[in-house]
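Engineer: The structure is given below, and queries will be raised subsequently.
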Amino acid sequence: MKKPDRIIEFAGIPAVFIVLVIIFFKEVIFSNDIFVLRDLARYFYPLRGYAFGLLKQGILPLWNPYIFCGNPLTATHQTAVFYPVSLIYLIGSFDKAFNNFIYVHFVLAGVFMYLFLADRKISRMAALVGAISFAFSGYMMAVINLLASLGSVVWVPIALWAFFRATDRRSYPYAILTSIFLVLMFLAGEPAVLYAIGFIMLFCGFRQPKILAVIFTTFLLLSSFQMLPFIELLMRSYRGNICYDIATKWSVPPHDLLNLAFPSVTEIEGHFRGYWDKQSWLLDYYMGLLPLLMLPISAVFVKGRDKRIAFWILAASVILVLGRYTPVYRVLFDRLPTFKLSRYPVKYFFLTTFSLSWLCALGYDAYLKKTRARDEGFARFIRRYLYIALFVGILVLFLDTFFRGVGQVSYKTFLEKIDSSFKDKSSSLPLLTLSLFTIRRTLVFFLIFTLTLFLGTKRRIKTGWMSFAIIGLVIGDLYSSNYDINFHYDRAKFKEPTENIEILMKDKAAFRFMQSPAALNFICKPTENICTNLLKGGKEMLYANHMMEFGLYDVFGYESIDRKRMSDVFSMLASEAKGPDDTEMIDLLNVKYVVSPKIFEAKGYALIRKSDIGNLYENKNVLPRAFLSEKAVVLKEPKALHDKLIDRNWDPRREVVLEEEPILSKQQTGNPPGLSARRAGGRGQGTVAISDKRSTINESADIVKYAPNEVIIKASVNSPKFLVLSDSYYPGWKVYVDERPDKIYVADYIIRAVYLDKGEHTVRFVFDPFSFRLGLWISLSTAIFLAAWFAYKKIS
């Protein structure tokens with residue numbers, strides 16, 4: 001290709017996808033709306049808004065104090081704090097940047113897929129057709145509300161582009177470039193994408209172990225600053241011990257694959273099932289009709305390695321997404337290392353989308369070549385397509401007319417029975433009508449596509465104009481099916497506080513709130529706009545994470561990786577406590593307000609606002625976030641520890657539960673004056689009693705600074721005591737008592753305690769995780785080494 005043509009291509013292809021983004025998202029781009037569907041509203045928006053708000057202040061957002069009594073923030077890595085494209089969030093208002101982040105990834109997806117396909121010796125028009133099919137497929141449009149998946153998947157084509165160049169040319173620079181793209185894929189937030197692409201590279205490059213070793217070693221070293229904290233968090237979660245039934249919960253039923261050809265055709269079946277009983281992760285499978293039309297062409301008329309690899313990826317992806325519906329997934333789950341860390345087989349549908357887009361480009365490239373060569377055998381093949389389209393079209397026209405004639409009778413005879421089984425009492429007729437409409441629209445596009453392809457083989461349409469017609473049809477097909485699946489909402493209304501929120505915001509004390517276990521199964525009353533109703537009702541119910549935007553602290557939260565101990569406490573409160581007054585844990589965790597869809601009576605709780613959605617209660621027995629405890633009990637046995645926490649007679653105000661013997665004095669060996677240690681019966685447990693000799697000091701524990709990565713407390717004690725902070729315990733937190741390093745104890749199973757001698761003290765907690773510092777040192781050292789190596793290679 002001549003240099004001017006390359007310049008036009010370099011500028012033109014991104015311009016094409018920018019225009020397409022404007023077409024597909026014009027309703028949001030030219031309004032004040034933001035995307036808020038599902039996890040966008042309650043997970044990605046609040047977490048990323050908080051994280052990048054801190055970055056704008058020059059604070060590294062390592063810790064989030066607003067959920068789970070404090071939780072690692074960057075370690076989860078779905079916040080994408082270290083993902084370079086996330087710099088968009090720092091430009092202008094976060095609301096606009098939140099949308100812009102999404103738009104940019106659709107442009108990147110199209111450009112990267114085009115580069116990958118064009119590099120595989122596929123014609124430019126065929127590469128563009130494949131790139132559009134990939135970038136605006138149902139999968140890509142659906143994972144807008146699964147932002148980490150969107151961010152990771154766009155790097156798949158460009159990573160494989162660099163990988164094939166590395167293996168085809170035995171090039172170490174391209175191997176290192178592959179590693180960099182894998183790092184970006186990982187930093188975007190979805191490990192399942194990286195995991196699958198890693199196996200594809202192993203499969204395709206097993207004959208070149210040195211190249212593979214460079215790729216994976218460089219990736220691990222460069223990603224250490226994010227990988228090590230992520231692994232540290234995984235080790236403290238239940239993810240590694242997840243059971244098969246939960247891991248395969250959202251497998252794709254075989255009949256759902258019909259949605260590849262007929263969008264939403266199985267929608268009516270989904271209404272018979274609950275959210276967790278059906279596949280609810282991916283809302284749209286449809287990636288256009290052309291990839292399916294090109295599939296037989298690529299199978300019959302395309303030769304070479306690319307076709308074999310694409311078909312192998314397609315076959316593997318179908319097996320993976322079917323999950324529990326195939327025996328293969330169980331074997332992989334049981335025997336493949338780390339495979340069980342990834343939940344939901346449907347996540348691997350990106351491989352189906354990628355491989356079908358690749359095969360679409362290969363098939364269309366073969367079509368162009370065969371048409372130019374006037375291949376008669378190929379022309380007959382296309383003619384059969386047209387005959388099938390005409391036959392099926394006439395059949396459907398007859399059935400459609402028949403349905404219109406008997407529709408009322410059918411509704412009276414069996415559709416009303418179907419309606420009675422719907423939990424939301426909705427009518428099945430609109431759903432059935434939708435299914436029939438999608439069948440009709442697919443057959444219309446099928447007829448138009450095949451007619452255009454047929455006329456192209458007859459040279460009735462010039463090849464260049466025909467390609468433009470095909471591209472227009474692809475865009476029309478995808479737009480008509482996929483453009484409106486993502487709910488968007490006015491950003492001002494989205495951020496408005498409800499009455500419950502306003503009540504909590506007026507309280508300037510340090511406190512946390514909690515949803516009652518009954519709130520987990522609470523569904524807002526349906527209205528004409530269910531999504532709008534859920535957003536409003538969700539705020540009134542103080543739904544997890546969303547309250548961060550209003551500066552409110554949640555005792556629990558919503559995260560992709562739940563820590564074991566927080567999950568244990570939640571299970572205990574949900575299943576073992578008969579009511580909020582049946583456990584001291586709620587008081588201990590600084591819970592001042594409880595919201596519940598049901599009215600309840602509990603000792604020490606006052607109803608302060610009654611609501612049809614969320615009744616708000618104030619807990620009069622709440623403990624301050626930091627307080628002093630005069631006695632410690634040491635319990636090392638899990639059962640004894642559990643029994644203590646649910647003991648209604650346990651008073652956390654007077655007794656803190658530790659899991660190791662405390663060091664009682666920093667000033668001398670042995671017990672200090674006024675302190676005695678008593679061992680209780682039973683192995684692995686004992687009681688440390690601290691005498692209560694009075695002095696002129698007024699005892700207090702006042703929080704003077706409460707920042708994301710630092711907490712400072714001024715404490716005055718007239719005898720040795722434990723300072724208890726009801727923030728969650730996690731490795732990486734350090735404590736300094738009067739500027740001297742000290743020890744943090746795991747207290748009451750999930751929070752922190754520090755032993756204090758008599759006197760006045762400044763206690764400073766600092767979050768400085770070793771896993772992050774070590775990873776950062778490894779990553780920076782590797783980057784410096786690679787820069788020096790490239791500079792040396794260039795000079796030599």
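Engineer: So which residues in the range 624-636 are open to solvent by less than 30 Å² (accessible area, probe 1.4 Å) and more than 34 Å from the chain's Cα centre (by Cα), if there are any at all?
Structural biologist: 627, 629, 632, 633, 634, 635
Engineer: Scan the range 208-227 residue by residue and report those that are open to solvent by 10 Å² or more (accessible area, probe 1.4 Å), under 13 Å from residue 185 (Cβ atoms) and touching a residue at least 60 places away in the same chain (Cβ under 8 Å).
Structural biologist: Result: 222, 227.
Engineer: In the range 756-794, what residues are buried (at least 18 other Cβ atoms within 10 Å of the Cβ), within 28 Å of the chain's Cα centre (by Cα) and in a loop (DSSP other than H, G, I, E, B)?
Structural biologist: The one that is buried (at least 18 other Cβ atoms within 10 Å of the Cβ), within 28 Å of the chain's Cα centre (by Cα) and in a loop (DSSP other than H, G, I, E, B): 769.
Engineer: Can I ask one more? Determine whether residue 458 is open to solvent by 80 Å² or more (accessible area, probe 1.4 Å), in contact (Cβ under 8 Å) with a residue 40 or more places away in the chain and either β-branched (Val, Ile, Thr) or over 17 Å from residue 40 (Cβ atoms) (or both).
Structural biologist: yes
Engineer: Moving to a separate point now. Could you run through the range 597-609 and say how many residues are surrounded by fewer than 20 Cβ atoms within 10 Å (Cβ to Cβ) and either acidic (Asp, Glu) or in a loop (DSSP other than H, G, I, E, B) (or both)?
Structural biologist: Number satisfying all stated conditions: 7.
Engineer: Only one of these is surrounded by fewer than 21 Cβ atoms within 10 Å (Cβ to Cβ), touching a residue at least 60 places away in the same chain (Cβ under 8 Å), small (Gly, Ala, Ser) and more than 20 Å from residue 255 (Cβ to Cβ): 379, 373, 366, 316. Name it.
Structural biologist: Exactly one of 379, 373, 366, 316 is surrounded by fewer than 21 Cβ atoms within 10 Å (Cβ to Cβ), touching a residue at least 60 places away in the same chain (Cβ under 8 Å), small (Gly, Ala, Ser) and more than 20 Å from residue 255 (Cβ to Cβ), namely 379.
Engineer: Tell me, which residue of the range 222-249 that is of a type outside the set (D, E, K, R) and in a loop (DSSP other than H, G, I, E, B) is farthest from residue 344 (Cα to Cα)?
Structural biologist: Ranking the candidates gives 223 first.
Engineer: For residue 219, state whether it is more than 19 Å from the chain's Cα centre (by Cα), in a loop (DSSP other than H, G, I, E, B) and among the hydrophobic types (A, V, I, L, M, F, W, C).
Structural biologist: no
Engineer: Quick check on my filter: what residues within the range 183-210 are over 15 Å from residue 151 (Cβ atoms) and assigned to a loop (DSSP other than H, G, I, E, B)?
Structural biologist: Listed by number, the residues that qualify are 205, 206, 207, 208.
Engineer: Quick check on this structure: which one of 129, 143, 156 is under 13 Å from residue 106 (Cβ atoms) and either crowded, with 24+ Cβ neighbours inside 10 Å or within 29 Å of the chain's Cα centre (by Cα) (or both)? If you could, list the steps in order and put the result at the bottom.
Structural biologist: Details: 129 fails: under 13 Å from residue 106 (Cβ atoms); 156 fails: under 13 Å from residue 106 (Cβ atoms).
The unique qualifying residue is 143.
Engineer: Just to be sure before I move on: is residue 594 within 35 Å of the chain's Cα centre (by Cα), in a strand (DSSP E or B), surrounded by 20 or more Cβ atoms within 10 Å (Cβ to Cβ) and at pLDDT 85 or above in the structure I sent?
Structural biologist: When the stated conditions are applied, residue 594 passes them.
Engineer: What is the residue count in the range 66-109 for residues that are in a loop (DSSP other than H, G, I, E, B), over 30 Å from residue 16 (Cβ atoms) and under 17 Å from the mean Cα position of the chain (by Cα)?
Structural biologist: Selection size over the range 66-109: 7.
Engineer: Here's a follow-up. Residue pairs, Cβ under 7 Å, 6 or more apart or interchain, first in the range 241-255 and of a type in the set (S, T, N, Q), second open to solvent by 70 Å² or more (accessible area, probe 1.4 Å). List them.
Structural biologist: Listed by first residue and then by second, the contacts come to 248/324; 251/324; 251/325.
Engineer: Sticking with this one: Which ones in the range 610-636 are more than 13 Å from residue 541 (Cβ to Cβ), assigned to a strand (DSSP E or B) and touching a residue at least 40 places away in the same chain (Cβ under 8 Å)?
Structural biologist: Residues satisfying the conditions are 626, 627, 628, 629, 631, 632, 633, 634, 635.
Engineer: Same structure, new question: Of all residues in the range 535-581, which are of a type in the set (Asp, Glu) and closer than 20 Å to residue 618 by Cα? Please lay out each step first, then the result.
Structural biologist: As a first pass, look at the range 535-581 and keep what is of a type in the set (Asp, Glu): 540, 549, 554, 559, 562, 568, 576, 581.
Answer for the range 535-581, where residues must be of a type in the set (Asp, Glu) and closer than 20 Å to residue 618 by Cα: 540, 554, 581.
Engineer: Filter the range 31-61 down to the residues that are among the acidic types (Asp, Glu) and modelled with pLDDT of 90 or more and list them by number. Before you say what the answer is, go through the steps one by one.
Structural biologist: Going through the range 31-61, the residues among the acidic types (Asp, Glu) turn out to be 33, 39.
The answer is 33, and nothing else.
Engineer: When you go through 726, 719 one by one, which is the residue that is in a loop (DSSP other than H, G, I, E, B), in contact with a strand residue (DSSP E or B) (Cβ under 9 Å, 6 or more places away or on another chain) and among the small types (Gly, Ala, Ser)? Give the steps one after another, and end with the answer.
Structural biologist: Numbers: 726 fails: in a loop (DSSP other than H, G, I, E, B).
719 is the lone residue from the list that is in a loop (DSSP other than H, G, I, E, B), in contact with a strand residue (DSSP E or B) (Cβ under 9 Å, 6 or more places away or on another chain) and among the small types (Gly, Ala, Ser).
Engineer: So is residue 612 crowded, with 16+ Cβ neighbours inside 10 Å, over 26 Å from residue 75 (Cβ atoms) and modelled with pLDDT under 85 or not?
Structural biologist: Judged against the criteria, residue 612 is not a match.
Engineer: Additional query: Identify all residues within the range 745-755 that are under 32 Å from the mean Cα position of the chain (by Cα) and either assigned to a loop (DSSP other than H, G, I, E, B) or among the hydrophobic types (A, V, I, L, M, F, W, C) (or both); write none if there are none.
Structural biologist: Scanning the range 745-755 gives 746, 747, 748, 749, 750, 751.
Engineer: Can you confirm whether residue 170 is of a type in the set (D, E, K, R), at pLDDT below 95 and over 25 Å from residue 774 (Cα atoms)?
Structural biologist: It is true that residue 170 is of a type in the set (D, E, K, R), at pLDDT below 95 and over 25 Å from residue 774 (Cα atoms).
Engineer: Filter the range 278-310 for residues that are outside any helix (DSSP H, G or I) and under 17 Å from residue 127 (Cβ atoms) and give the result.
Structural biologist: The answer is 287, 288, 302, 304.
Engineer: Are any of the residues in the range 505-528 surrounded by fewer than 14 Cβ atoms within 10 Å (Cβ to Cβ), within 22 Å of residue 24 (Cβ to Cβ) and modelled with pLDDT of 70 or more?
Structural biologist: no
Engineer: Confirm whether residue 386 is at pLDDT below 65, in a helix (DSSP H, G or I) and surrounded by 13 or more Cβ atoms within 10 Å (Cβ to Cβ).
Structural biologist: No; evaluated as a whole, the condition is false for this residue.
Engineer: Can you tell me which residues in the range 330-347 are surrounded by fewer than 23 Cβ atoms within 10 Å (Cβ to Cβ), part of a helix (DSSP H, G or I) and of a type outside the set (Asp, Glu)?
Structural biologist: First pass over the range 330-347, keeping only residues surrounded by fewer than 23 Cβ atoms within 10 Å (Cβ to Cβ): 330-344.
From what is left, the residues that are part of a helix (DSSP H, G or I) are 330-335, 339-341.
Scanning the range 330-347 gives 330, 331, 332, 333, 335, 339, 340, 341.
Engineer: I've got another one for you. Between residues in the range 166-178 that are within 9 Å of residue 215 (Cβ to Cβ) and residues that are in a helix (DSSP H, G or I) and open to solvent by 60 Å² or more (accessible area, probe 1.4 Å), which pairs lie under 8 Å by C-beta distance while being six or more apart or on different chains?
Structural biologist: Here the result reads 166/172, each pair linking the range 166-178 to a residue that is in a helix (DSSP H, G or I) and open to solvent by 60 Å² or more (accessible area, probe 1.4 Å).
Quick grid of which residues meet (1) within 30 Å of residue 589 (Cα to Cα); (2) free of Cβ contacts under 8 Å to residues at least 60 places away in the same chain; (3) under 21 Å from the mean Cα position of the chain (by Cα); (4) surrounded by fewer than 20 Cβ atoms within 10 Å (Cβ to Cβ):
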position: 16; (1), (2), (3), (4): no, no, no, yes
position: 31; (1), (2), (3), (4): no, no, no, yes
position: 36; (1), (2), (3), (4): no, no, yes, no
position: 42; (1), (2), (3), (4): yes, no, yes, no
position: 47; (1), (2), (3), (4): yes, no, yes, no
position: 52; (1), (2), (3), (4): yes, yes, yes, no
position: 64; (1), (2), (3), (4): yes, no, yes, no
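Engineer: Follow-up. Return the total of residues in the range 479-503 being part of a helix (DSSP H, G or I), closer than 18 Å to residue 609 by Cβ and either in contact with a Gly (Cβ under 9 Å, 6 or more places away or on another chain) or open to solvent by 50 Å² or more (accessible area, probe 1.4 Å) (or both).
Structural biologist: Counting residues in the range 479-503 that are part of a helix (DSSP H, G or I), closer than 18 Å to residue 609 by Cβ and either in contact with a Gly (Cβ under 9 Å, 6 or more places away or on another chain) or open to solvent by 50 Å² or more (accessible area, probe 1.4 Å) (or both) gives 4.
Engineer: For the range 554-583, which positions are surrounded by fewer than 21 Cβ atoms within 10 Å (Cβ to Cβ), part of a loop (DSSP other than H, G, I, E, B) and of a type in the set (Asp, Glu)?
Structural biologist: Hits for the range 554-583 are 562, 576.
The values are calculated or read from the model by the stated rules, or taken from the named source; none is laboratory data. Being a predicted model, the structure only gives us computed values, none of them experimental. Every residue, glycine among them, receives a Cβ derived from its backbone with ideal geometry; neighbour counts consider all protein chains shown. Heads up: the accessible areas ignore ligands, DNA and RNA and are worked out on the full protein's heavy atoms, side chains in. Shrake-Rupley method; radii C 1.70, N 1.55, O 1.52, S 1.80 Å.
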